[in-house]
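Everything on this sheet refers to the single structure shown next.
The values are calculated or read from the model by the stated rules, or taken from the named source; none is laboratory data. These figures come from a predicted structure and were not determined experimentally. FYI the Cβ positions are ideal-geometry reconstructions off the backbone, even for glycines, and counts take in every protein chain you see.
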Amino acid sequence: MAFNRQKVQLPSRTGTEITGGSCSSGEISGLLPDQDGTYTDSMHPDKSSESREGISRRHFLERAGVVGIAGALVGTGVLEGVGGHKAGAVTTTTSASQATGASSKPAHQWCMVIDLRYCNGCKVCTQACQTAHYLHKDQTWIDVFTMKNASGNTYYMPRPCMMCEDPPCVQVCPVKANFRTDEGLVLVNQSRCIGTRICMNACPYQARYFNWGPAKSAPRQPFPQEPEWPVPQVEGTVGKCIFCAAMLPMGKIPECVGNCPMDALYMGDLETDVAVNASGQVIKLSAFLANNDAVKFKESYGTHPRVFYILGHDQDLDNDEEAG
Amino acid sequence: MTRKQVDTMETGTSTTMTSRTLEKSIKSAYDGVDPVPPREDIREAAMRPVLETGKWWWTAVITLGVVVIAGIVAWVMQLRDGLGSAGYNNQAFWAIYEADLVAFIGVTYGGAVVSAVLRLTKARWRAPLTRIAEATALVTLPIGMMFIIPHLGESPRIWELVWPPYWNLSSPILWDFFAVSTYLLATVVFFYLPLIPDLKITLERLSAGPDNLKTRICKKLYAIVGNNWIGSIPQRRVLHGALGLISIMIIPMAVSVHSVLSFAFSSSSRAGYLETIFPVLFVVGALYSGVALVIVMAAAFRRGYRLERYITEKHFVRLGFILIALGATYLYLTFTEYLVDGYSGTIGNAAWVRQTIMGRYWIPFWFFVVGAGLLPLVILAFRRTRNVKGIATASVIILLAMWVKRLVIVIPPATEPLVKSPLNVASANWGTFHFTWIPITITLAATAAIPLLLLVVFKFFPILPVADMEEMAAETEGLEEDLSTLSVMASTGNGSSGNRKEIIHANI
Ligand code: SF4
Ligand code: SF4
């Protein structure tokens with residue numbers, strides 16, 4: 001497997017608590033709740049969504065009465081249609097919630113941590129992703145942008161899908177082809193997508209890529225073509241980073257994370273409060289994020305991304321864009 | 001006026017010949033006879049397209065038909081090769097088809113304004129133009145809606161838009177879809193209502209002519225949709241009421257359609273799309289290009305069917321003044337948008353404004369400013385160019401420039417990178433839209449489809465609103481009669497009750 005590699009020796013990270021030690025060959029069995037079940041941080045999804053301020057798009061619409069008006073228009077179709085992501089939040093990753101048992105609470109809340117101090121811009125992540133998902137060159141589901149810091153030096157910024165908690169891409173799809181799973185993954189149903197591309201317009205991170213021509217052909221896959229594993233892609237529909245959703249229930253981390261030679265990417269789980277990188281280092285997520293002043297990209301857009309960036313000296317995410 | 005009053009009038013002491021015949025005609029109007037005298041000249045002119053099929057008609061239809069077929073071929077090619085063959089890429093994810101959608105649905109507004117607004121404001125001069133305006137709206141709206149098909153990446157799945165279980169009501173695309181469908185219904189009704197009396201007249205004409213396949217089809221059709229018209233006063237009253245109502249209804253409907261259309265852009269967080277001015281800008285832009293299209297179509301059909309006697313230069317000059325007002329407003333709104341966004345100077349806004357005004361989109365932008373802003377003003381300002389030819393030319397330029405403006409609305413903000421990396425903008429793979437023959441052919445085909453469908457529509461329906469014009473003529477004549485009666489009264493000292501104008505008015 002691609003992420004069966006030698007552990008790269010890295011300088012020790014400030015404030016990193018390695019709780020689980022090294023786990024075997026990139027697997028995330030360490031992410032099960034019994035390993036480290038305590039979370040004291042505001043990172044907990046339920047807590048953070050309660051304490052969130054402001055009005056989300058859907059709530060705004062509900063308050064503005066748009067839903068009511070639209071409801072009057074179509075009658076019975078309403079309850080199903082109201083509020084895109086609520087209706088879309090179907091449990092498609094049932095296989096992924098194996099650890100939940102009888103509890104309705106999902107076992108995981110996936111997130112990603114990107115340590116910009118270590119990324120060297122090699123784009124191995126992009127290539128690994130494109131190889132695994134059989135993508136064209138321009139479909140950079142995880143793109144690596146070259147940035148300039150305040151003193152004019154170059155640094156690199158990988159950008160996967162942010163797996164927004166309030167994803168505008170889901171909100172705008174006319175046919176509910178986008179949805180958010182109960183484990184926090186935003187996915188595209190390519191057998192329903194009609195290709196209006198309004199989600200590409202809505203995503204503030206330009207994380208969506210269209211299939212402008214015939215999709216790259218792929219050999220037989222271990223899974224059928226499904227939102228969790230959209231391989232091969234479907235011509236005329238939108239694709240984007242999926243956090244390798246089909247791999248997660250099998251205890252495997254996404255291709256980009258597992259292949260990063262610099263250990264700059266971590267796959268994390270807010271539910272169990274752990275994250276793991278390519279070398280198998282497991283960190284206590286909340287402490288790591290707090291100690292390293294993690295930030296989210298374009299937080300002012302109200303999307304509540306689930307990708308956390310750790311910034312190096314003088315770096316920023318260019319967050320000063322105009323927001324809604 | 002009640003029946004009783006009419007009876008009283010008949011037994012009354014009117015002395016002049018005019019009023020006696022008049023009263024007879026009123027009584028018969030209540031018994032189900034048309035009180036408005038027919039005008040042979042108007043009827044002949046209005047039926048001309050229906051009855052005569054010149055060589056040029058066939059030439060025009062075949063030429064335009066070839067262009068339309070070329071468009072369909074282009075669309076099939078696009079289906080085969082994917083949307084990328086139309087010049088799109090991940091940066092220019094929206095471009096020409098979206099601009100076409102806005103532009104073609106926009107021009108339908110011309111029908112609404114020329115017909116409904118002028119009807120409501122009781123501008124009598126509108127009468128000869130209304131049928132052409134309404135028919136233009138009727139044919140352009142479906143053509144505009146057709147652009148949804150090439151716009152979609154997976155157009156075979158278009159049925160999902162009309163499948164309620166799939167509806168996501170928080171999607172602006174669905175709002176568009178509802179708004180445009182409702183508007184289509186209203187446009188059909190708005191075309192049909194004033195047509196009802198004319199259908200009867202057409203039927204009479206056709207019955208007098210030779211009996212062929214076309215007349216038989218028409219007779220069948222009109223028998224279903226318009227055979228019950230007798231033109232009596234109660235019927236006219238109902239029709240006028242309904243027309244007034246739909247005129248009032250179609251204006252907010254058209255406003256909502258064009259503003260909802262803008263929501264697809266303005267409800268996103270993208271700098272350059274997130275503009276609260278967009279709904280207004282889109283509505284005014286639609287009005288502006290819509291009036292221009294009505295002018296072009298009126299000029300063409302007036303020439304083709306020799307309607308100079310009815311559609312006069314005065315009509316064009318008046319519409320031209322409406323154009324100036326709308327054009328100036330549109331230019332000002334655009335200026336406001338650019339000023340506010342450029343002045344605020346936030347990274348995203350400053351970037352797209354700079355790219356548009358002096359960056360890689362400067363040519364189309366300034367083409368718009370000159371073509372839709374300055375040139376029409378110049379043409380209409382001088383008396384020498386303020387004639388049918390000049391105004392029609394100005395309108396063609398406006399239509400072209402406004403289409404380009406829609407491209408300028410859609411493309412620059414879409415191609416503005418959202419991750420502001422310095423190398424991102426400069427990198428070679430950061431694309432913009434590249435015109436290919438496919439979308440251009442499809443756009444041309446849609447343009448050709450407008451006159452083509454109009455040529456066909458006027459083969460079946462009179463090009464002038466006969467009943468409306470006859471009513472106007474009767475009013476004018478009534479006025480003249482009134483004046484002559486007055487002068488008779490003045491010379492003889494005899495009083496006369498009523499005149500045609502007053503009676504028709506009082507009853508309708
Ligand atoms: S593979 Fe790792 S180091 Fe290389 S570009 Fe991606 S995140 Fe950066
Ligand atoms: S980053 Fe973009 S594509 Fe991903 S969930 Fe957020 S809005 Fe959707």
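Pairs, please: C-beta under 9 Å, at least 6 apart or cross-chain, first residue without any contact (Cβ under 8 Å) to a residue 40 or more places away in the chain and closer than 14 Å to A:R159 by Cα and in region A:303-317, second within 16 Å of ligand 2 (Cβ to nearest atom) and part of a loop (DSSP other than H, G, I, E, B)?
Correct list of pairs: empty, since none qualify.
Determine whether B:I230 is closer than 30 Å to A:T196 by Cα and either more than 9 Å from chain A (Cβ to nearest Cβ) or touching an Asp or Glu at 6+ places or on another chain (Cβ under 7 Å) (or both).
On the way: closer than 30 Å to A:T196 by Cα: no; either more than 9 Å from chain A (Cβ to nearest Cβ) or touching an Asp or Glu at 6+ places or on another chain (Cβ under 7 Å) (or both): yes.
No; evaluated as a whole, the condition is false for this residue.
When only residues in region A:109-151 that are within 13 Å of chain B (Cβ to nearest Cβ) and among the polar types (S, T, N, Q) count, which is nearest to ligand 1 (Cβ to nearest atom)?
Per the criteria, the residue is A:T126.
For the subset of region B:144-175 comprising residues that are within 10 Å of A:P174 (Cα to Cα) and in a helix (DSSP H, G or I), which member is farthest from the other protein chains (Cβ to nearest Cβ)?
Going residue by residue through region B:144-175, those that are within 10 Å of A:P174 (Cα to Cα) are B:160-161, B:166-175.
If we keep only those that are in a helix (DSSP H, G or I) as well, we get B:160-161, B:166, B:172-175.
On the way: B:E160: 5, B:L161: 6, B:Y166: 4, B:P172: 6, B:I173: 4, B:L174: 5, B:W175: 8 Å.
It comes out as B:W175.
Tell me, please, whether a residue that is in the same structural domain as B:V260 (by TED's automatic domain parsing), buried (at least 23 other Cβ atoms within 10 Å of the Cβ) and out of contact with any helix residue (DSSP H, G or I) (no Cβ under 8 Å at 6 or more places or on another chain) can be found in region B:85-92.
Yes: one or more hits.
With respect to B:G348, is the statement that it is farther than 22 Å from B:T136 by Cα, crowded, with 18+ Cβ neighbours inside 10 Å and within 14 Å of another protein chain (Cβ to nearest Cβ) true? It would help to see each step written out before you state the result.
On the way: farther than 22 Å from B:T136 by Cα: yes; crowded, with 18+ Cβ neighbours inside 10 Å: yes; within 14 Å of another protein chain (Cβ to nearest Cβ): yes.
Spelling it out, B:G348 is indeed farther than 22 Å from B:T136 by Cα, crowded, with 18+ Cβ neighbours inside 10 Å and within 14 Å of another protein chain (Cβ to nearest Cβ).
Return the only residue of A:G121, A:G184, A:G152 being among the small types (G, A, S) and closer than 20 Å to A:D273 by Cβ. Show your work before the answer.
Numbers: A:G121 fails: closer than 20 Å to A:D273 by Cβ; A:G152 fails: closer than 20 Å to A:D273 by Cβ.
After applying the criteria, what remains is A:G184.
Is there a residue in region A:197-209 that is surrounded by 20 or more Cβ atoms within 10 Å (Cβ to Cβ), away from ligand 2 (no atom under 14 Å from the Cβ) and outside any helix (DSSP H, G or I)?
No - not one qualifying residue is present in region A:197-209.
State yes or no: is A:A89 surrounded by fewer than 21 Cβ atoms within 10 Å (Cβ to Cβ), modelled with pLDDT of 55 or more and more than 10 Å from every other protein chain (Cβ to nearest Cβ)? Working first, answer last.
Details: surrounded by fewer than 21 Cβ atoms within 10 Å (Cβ to Cβ): yes; modelled with pLDDT of 55 or more: no; more than 10 Å from every other protein chain (Cβ to nearest Cβ): yes.
The answer is no for A:A89.
Being without any contact (Cβ under 8 Å) to a residue 40 or more places away in the chain and within 14 Å of B:I409 (Cα to Cα) narrows it down to one of B:T334, B:T312, B:T276, so name that one.
Numbers: B:T334 fails: without any contact (Cβ under 8 Å) to a residue 40 or more places away in the chain; B:T312 fails: within 14 Å of B:I409 (Cα to Cα).
Of B:T334, B:T312, B:T276, the one residue that is without any contact (Cβ under 8 Å) to a residue 40 or more places away in the chain and within 14 Å of B:I409 (Cα to Cα) is B:T276.
Would you confirm whether any residue within region A:180-193 is within 13 Å of ligand 2 (Cβ to nearest atom), more than 8 Å from chain B (Cβ to nearest Cβ), farther than 25 Å from B:P417 by Cα and assigned to a strand (DSSP E or B)?
yes
Counting only residues that are closer than 30 Å to A:M162 by Cα and not polar (S, T, N, Q), give me the helices (runs of 4 or more DSSP H) lying completely in region B:316-427 with at least 1 of them.
Values: elements: B:347-357, B:362-368, B:375-381, B:388-415, B:422-426.
Qualifying helices (runs of 4 or more DSSP H): B:347-357, B:388-415, B:422-426.
Given the structure, is A:K137 more than 14 Å from ligand 2 (Cβ to nearest atom) and either closer than 30 Å to B:L274 by Cβ or touching a Cys at 6+ places or on another chain (Cβ under 9 Å) (or both)? Spell out the reasoning first.
Values: more than 14 Å from ligand 2 (Cβ to nearest atom): yes; either closer than 30 Å to B:L274 by Cβ or touching a Cys at 6+ places or on another chain (Cβ under 9 Å) (or both): no.
So A:K137 fails the test.
Is there a residue in region B:83-101 that is assigned to a helix (DSSP H, G or I), more than 14 Å from chain A (Cβ to nearest Cβ) and either closer than 24 Å to B:I463 by Cβ or of a type in the set (S, T, Y) (or both)?
So far as region B:83-101 goes, no, none of its residues is assigned to a helix (DSSP H, G or I), more than 14 Å from chain A (Cβ to nearest Cβ) and either closer than 24 Å to B:I463 by Cβ or of a type in the set (S, T, Y) (or both).
Having 3 or more residues that are within 17 Å of A:C125 (Cα to Cα) is the bar; report the strands (runs of 3 or more DSSP E) wholly within region A:216-292 that clear it. Outline the logic, then answer.
Details: elements: A:238-240, A:265-269, A:274-277, A:281-284.
It comes to A:265-269.
Count, please, the residues in region B:258-281 that happen to be within 13 Å of chain A (Cβ to nearest Cβ) and outside any helix (DSSP H, G or I).
10
Output the residues belonging to region B:42-61 that are loosely packed, with under 11 Cβ neighbours inside 10 Å and of a type outside the set (A, V, I, L, M, F, W, C).
Hits for region B:42-61 are B:E52, B:K55, B:T59.
Of everything in region A:150-181 that's of a type in the set (S, T, N, Q), in contact (Cβ under 8 Å) with a residue 40 or more places away in the chain and more than 23 Å from B:G153 (Cβ to Cβ), which residue is surrounded by the most Cβ atoms within 10 Å (Cβ to Cβ)? Give the steps one after another, and end with the answer.
Of region A:150-181, the ones of a type in the set (S, T, N, Q) are A:151, A:153-154, A:171, A:178, A:181.
Okay, now just the ones that are also in contact (Cβ under 8 Å) with a residue 40 or more places away in the chain, so A:151, A:153, A:171, A:178, A:181.
Checking the rest, the ones that are also more than 23 Å from B:G153 (Cβ to Cβ) come to A:151, A:153, A:181.
Values: A:S151: 7, A:N153: 12, A:T181: 24.
Among them, the one singled out is A:T181.
Residue by residue, here is whether (1) modelled with pLDDT under 90; (2) within 16 Å of ligand 1 (Cβ to nearest atom); (3) in contact with a Leu (Cβ under 9 Å, 6 or more places away or on another chain) holds:
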{"residue": "A:G268", "(1), (2), (3)": "no, yes, yes"}
{"residue": "A:A275", "(1), (2), (3)": "no, yes, yes"}
{"residue": "A:S279", "(1), (2), (3)": "no, yes, yes"}
{"residue": "A:A287", "(1), (2), (3)": "no, no, no"}
{"residue": "A:F297", "(1), (2), (3)": "no, yes, yes"}
{"residue": "A:D316", "(1), (2), (3)": "yes, no, no"}
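For region A:216-249, enumerate the residues that are at the interface with chain B (Cβ under 10 Å from one of its Cβ atoms) and either within 16 Å of ligand 1 (Cβ to nearest atom) or crowded, with 22+ Cβ neighbours inside 10 Å (or both). Full working, then the answer.
Restricting attention to region A:216-249, the residues satisfying the condition of being at the interface with chain B (Cβ under 10 Å from one of its Cβ atoms) are A:234-238.
Correct list: A:G236, A:T237, A:V238.
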